[in-house]
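Reviewing the structure listed below.
The values are calculated or read from the model by the stated rules, or taken from the named source; none is laboratory data. Remember, predicted model here, so these are calculated numbers, not experimental data. Cβ sites come from the backbone with ideal geometry, for glycine too, and all protein chains shown count toward neighbours.
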Amino acid sequence: MPMDVHPLVVHFPIALALTAFALDWGRWFLDRRRLTEAGFWGGSTPILIIALIGAVFSVVSGLVAEESVAMTAELHEIVETHELLAFISTGGLAILTFWRLGLRGLFPHRNVWVYLLLLLVVAVTVAVGGYYGGVMVHVHGAGQA
């Protein structure tokens, strides 16, 4: 039986996506000048890159782990919701990451509110997806031997 790596990798994209959200939104309201002047390493671009890589590993490992879980109808519904939120979060992280890479890591000067709104959607879907993952494990015992 192969080791389930999903619990090992899933926490990184959650923490990093929420960190990118806190940094970009916080700086937008508290220190806009520093945010817009920050270069590649001074902004949230490296955080988004690592969050995206972690999200891809989390989705893949989650899909593999799903195959070994005994499903009830109720658990299946929760898994499907968790999966959908993971796909939305990963897609949103991909858009944000490649947007920032296209700007050479700089914070967008145009369409700022579109960027910040998408970052908010990603943060919420990551948090809610993590909640459903917790429900699967702690309420329904998914993934526990």
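Could we say that Glu66 is in contact with a helix residue (DSSP H, G or I) (Cβ under 9 Å, 6 or more places away or on another chain), over 17 Å from Leu23 (Cα atoms) and of a type in the set (Asp, Glu) here?
yes
On the stretch given as the range 97-114, residues that are in contact (Cβ under 8 Å) with a residue 60 or more places away in the chain and buried (at least 16 other Cβ atoms within 10 Å of the Cβ) total 3.
When the residues of the range 50-73 are filtered to those that are surrounded by 13 or more Cβ atoms within 10 Å (Cβ to Cβ) and either outside any helix (DSSP H, G or I) or of a type in the set (Asp, Glu) (or both), the one that is modelled with the highest pLDDT is Glu66. What number of residues in the range 21-44 are touching a helix residue (DSSP H, G or I) at 6+ places or on another chain (Cβ under 8 Å), at pLDDT below 95 and assigned to a helix (DSSP H, G or I)? Total satisfying the criteria: 7. If you scan the range 28-45, which residues turn out to be of a type outside the set (Val, Ile, Thr) and touching a residue at least 24 places away in the same chain (Cβ under 8 Å)? Selection gives Trp28, Leu35, Ala38, Gly39, Phe40, Trp41, Gly43, Ser44.
Looking across the range 6-20 at every residue that is touching a residue at least 60 places away in the same chain (Cβ under 8 Å) and assigned to a helix (DSSP H, G or I), the one that is farthest from Val64 (Cα to Cα) is identified as Ala20.
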